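Sharing a structure here in structure tokens format.
The values are calculated or read from the model by the stated rules, or taken from the named source; none is laboratory data. Just so it is clear, the model here is predicted, and its values are computed rather than measured. Heads up: the accessible areas ignore ligands, DNA and RNA and are worked out on the full protein's heavy atoms, side chains in. Shrake-Rupley method; radii C 1.70, N 1.55, O 1.52, S 1.80 Å.
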Amino acid sequence: MGTSLEAELWALYKGLTVLLQKGINNVLIETDAAQVVQLMKDPIASNCPFKNLVDDAKILFNGCECTIQHIWKQGNLCADALAKLGADQPEEMLVVNEPPAELRSYLLADLLGISRERA
């Protein structure tokens with residue numbers, strides 16, 4: 001149980017951990033959580049309830065030389081589709097080496113910059 005901001009921060013932290021474990025760097029991270037982008041770019045207040053999590057994420061973030069930016073929900077169809085697939089999965093976290101077949105059309109749409117209403 002937690003807030004949506006906390007869930008977004010944990011997702012970022014765990015994703016950064018996977019990037020470092022796999023030796024992947026120079027990744028552009030897109031999130032529809034504008035507050036996460038601000039927390040990653042600005043100094044964190046000492047009274048922030050997520051200070052430790054943000055500080056740890058910043059260490060990982062700097063280690064893999066990533067960039068983070070805000071993107072509207074309609075602009076990232078892959079993330080939306082993955083979230084829906086993840087909601088039906090029993091594992092807490094699943095790392096895949098190839099995108100699921102259900103995402104191929106969304107990947108193409110995202111690459112071409114095509115946005116559409118979320119289902």
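How much of the accessible area of the chain, probe 1.4 Å, is carbon plus sulfur, in whole percent?
Whole-percent figure for carbon plus sulfur exposure: 55.
So which of Lys51/Lys84; Lys14/Lys51; Lys58/Lys84; Lys14/Lys84; Lys22/Lys51 end up more than 21 Å apart by C-alpha?
Among Lys51/Lys84; Lys14/Lys51; Lys58/Lys84; Lys14/Lys84; Lys22/Lys51, the Cα-Cα distance tops 21 Å for Lys51/Lys84; Lys58/Lys84; Lys22/Lys51.
Top to bottom by accessible area (1.4 Å), largest first, where do Val95, Val27, Val54 land?
Val95, Val27, Val54
Relative contact order for the chain using alpha-carbon pairs under 8 Å, separation at least 6, rounded to a whole percent?
Relative contact order for the chain comes out at 29 percent.
Rolling a 1.4 angstrom probe over the protein heavy atoms, how many square angstrom per residue are accessible across the chain?
68
Tell me, Kirkwood radius of the chain from alpha-carbon pair distances, in Å?
It is 15.4 Å.
What is the set of long-range amide H partners of Ile68 at a cut-off below 5 Å, with H atoms built 1.01 Å from backbone N?
Excluding prolines and chain starts, which carry no amide H, the hits are Ile29.
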